[in-house]
């Protein structure tokens, strides 16, 4: 089973890539969705977050805006939060991979926004970076509800520069031209993998 690590900065177009992968029958683990589940009512992250960050849990679920205010600009607080959340996300990831192996999947993808930043590239066979020009990225992000220039800058500062991600990638999917172009690139990539012999590493721009 080939395990792809799908990553890219905020607003780069990962949702287009993951939707295409799913349409092609590739199981996708969404790390952000896992975090949302863990912080929802009954989620395993709720109790430890309540203890570490008083006032950030309401009605049995994490108030994500309150939590964001508690950690933004505070490196120690952010690291404390990551020590709570990321081991739980990894547990869910391992269960996903085990299920995919049992079902006979040939290719799976782990959608992890901070894959490189957290050293996750060592857990995958190949890395796919989704990329777009900086102006396109900013325009996409600033259209999101509640987004501000300051918040975008804080998120952007935590993420490895796009050029460095592309340099480290095995495959680069560019989403700045059109959704159709990006979808076609993902389809070509998966077609090659399904028809190829054992993988070989080496960056490919699509």
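The values are calculated or read from the model by the stated rules, or taken from the named source; none is laboratory data. What you are looking at is a predicted structure, and each value in this text was computed from that prediction instead of being measured. Here Cβ is always computed from backbone atoms with ideal geometry, including for glycine, and neighbour counts include all displayed protein chains.
In region 41-56, of all residues being in contact with a helix residue (DSSP H, G or I) (Cβ under 8 Å, 6 or more places away or on another chain) and in a loop (DSSP other than H, G, I, E, B), the one that is farthest from residue 87 (Cα to Cα) corresponds to 55. Taking region 139-155 as the range and being at pLDDT 90 or above and surrounded by 13 or more Cβ atoms within 10 Å (Cβ to Cβ) as the test, the residues that pass are 140, 141, 142. Every test in (1) closer than 29 Å to residue 136 by Cα; (2) surrounded by 14 or more Cβ atoms within 10 Å (Cβ to Cβ) is passed by residue 90 save one, and that test is (1). Here 44, 83 are screened, and the one residue that is closer than 21 Å to residue 111 by Cα, over 18 Å from the mean Cα position of the chain (by Cα) and surrounded by fewer than 21 Cβ atoms within 10 Å (Cβ to Cβ) is 44. The residues listed here are 59, 91; of these, the one that is more than 26 Å from residue 26 (Cβ to Cβ) and free of Cβ contacts under 8 Å to residues at least 40 places away in the same chain is 59.
Taken together, 90, 37, 80 contain a single residue that is in a helix (DSSP H, G or I) and over 24 Å from residue 11 (Cα atoms), which is 80.
Exactly one residue out of 100, 157, 70 is over 30 Å from residue 50 (Cβ atoms) and either touching a helix residue (DSSP H, G or I) at 6+ places or on another chain (Cβ under 9 Å) or assigned to a helix (DSSP H, G or I) (or both), and it is 100. When the residues of region 57-67 are filtered to those that are in a helix (DSSP H, G or I) and in contact with a helix residue (DSSP H, G or I) (Cβ under 9 Å, 6 or more places away or on another chain), the one that is surrounded by the fewest Cβ atoms within 10 Å (Cβ to Cβ) is 64. Quick check: anything in region 66-87 in contact with a strand residue (DSSP E or B) (Cβ under 8 Å, 6 or more places away or on another chain) and more than 24 Å from residue 173 (Cα to Cα)? Yes: region 66-87 contains one or more residues that are in contact with a strand residue (DSSP E or B) (Cβ under 8 Å, 6 or more places away or on another chain) and more than 24 Å from residue 173 (Cα to Cα).
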